[in-house]
Amino acid sequence: MPHVEVVTGSAGNPVYQVGGKSFVFFRTARPDARDPLTGERYADVIVLWVASEADKQALLRGPHSPWFTTTHFDGHLSVLIRASRLGELDREELVEVVQEAWLSRASSRRAQAWLRSVGLY
């Protein structure tokens, strides 16, 4: 995606930004995301922004969806996925979700220019 900058988060984690706004970041292990059987904190959580609550709910639907959220992210336009579950997505779905995350945070000028460049606008 154009105009992407990778910055280092406070814990040394990569944060992908467009125009100074994060759209994907690798989260550090936190108490709100734990293995339900062992209680161990997930150390491989990735956060991706979404455009709307409806988009968030669409990704979260389904008993086998690798996408999840926690109460910490209630009201936040983002979804979570563990890196260990990325293989459950096909390449096209992953590309679409990353592109949508970028579009949700890019300026309208940048978003429209990119959409035109790929023939979607």
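We did not get these values from a lab; they are worked out from the coordinates using the rules stated. Remember, it's a predicted structure, so these values are computed and weren't measured experimentally. With ideal geometry, Cβ positions are generated from the backbone for all residues, glycine too; neighbour counts draw on all protein chains shown.
Please tell me if residue 90 is in contact (Cβ under 8 Å) with a residue 24 or more places away in the chain and among the charged types (D, E, K, R).
Numbers: in contact (Cβ under 8 Å) with a residue 24 or more places away in the chain: no; among the charged types (D, E, K, R): yes.
For residue 90, the condition - in contact (Cβ under 8 Å) with a residue 24 or more places away in the chain and among the charged types (D, E, K, R) - is not met.
Is it true that residue 95 is out of contact with any Leu (no Cβ under 6 Å at 6 or more places or on another chain), at negative phi, without any contact (Cβ under 8 Å) to a residue 24 or more places away in the chain and crowded, with 17+ Cβ neighbours inside 10 Å? Walk me through how you get there before you give the answer.
On the way: out of contact with any Leu (no Cβ under 6 Å at 6 or more places or on another chain): yes; at negative phi: yes; without any contact (Cβ under 8 Å) to a residue 24 or more places away in the chain: yes; crowded, with 17+ Cβ neighbours inside 10 Å: no.
For residue 95, the condition - out of contact with any Leu (no Cβ under 6 Å at 6 or more places or on another chain), at negative phi, without any contact (Cβ under 8 Å) to a residue 24 or more places away in the chain and crowded, with 17+ Cβ neighbours inside 10 Å - is not met.
Which numbered condition trips up residue 110, out of (1) among the basic types (Lys, Arg); (2) touching a residue at least 60 places away in the same chain (Cβ under 8 Å); (3) surrounded by fewer than 14 Cβ atoms within 10 Å (Cβ to Cβ)?
Among (1) among the basic types (Lys, Arg); (2) touching a residue at least 60 places away in the same chain (Cβ under 8 Å); (3) surrounded by fewer than 14 Cβ atoms within 10 Å (Cβ to Cβ), residue 110 violates only (3).
Given the conditions (1) in contact with a helix residue (DSSP H, G or I) (Cβ under 9 Å, 6 or more places away or on another chain); (2) under 20 Å from residue 30 (Cβ atoms); (3) among the β-branched types (Val, Ile, Thr), and given that residue 70 satisfies all but one, which numbered condition is not satisfied?
Checking residue 70 against (1) in contact with a helix residue (DSSP H, G or I) (Cβ under 9 Å, 6 or more places away or on another chain); (2) under 20 Å from residue 30 (Cβ atoms); (3) among the β-branched types (Val, Ile, Thr), the one that fails is (1).
I'd like to check something: does the stretch 28-50 contain any residue that is within 15 Å of the chain's Cα centre (by Cα), without any contact (Cβ under 8 Å) to a residue 24 or more places away in the chain and surrounded by 16 or more Cβ atoms within 10 Å (Cβ to Cβ)?
Checked the stretch 28-50: no residue is within 15 Å of the chain's Cα centre (by Cα), without any contact (Cβ under 8 Å) to a residue 24 or more places away in the chain and surrounded by 16 or more Cβ atoms within 10 Å (Cβ to Cβ).
How many residues are polar (S, T, N, Q), surrounded by 14 or more Cβ atoms within 10 Å (Cβ to Cβ) and touching a residue at least 12 places away in the same chain (Cβ under 8 Å) when one looks only at the stretch 51-69?
Here is the first cut: in the stretch 51-69, the ones polar (S, T, N, Q) are 52, 57, 65, 69.
Adding the requirement that they be surrounded by 14 or more Cβ atoms within 10 Å (Cβ to Cβ) leaves 65, 69.
Within this subset, residues satisfying the condition of being touching a residue at least 12 places away in the same chain (Cβ under 8 Å) are 69.
Total meeting the criteria: 1.
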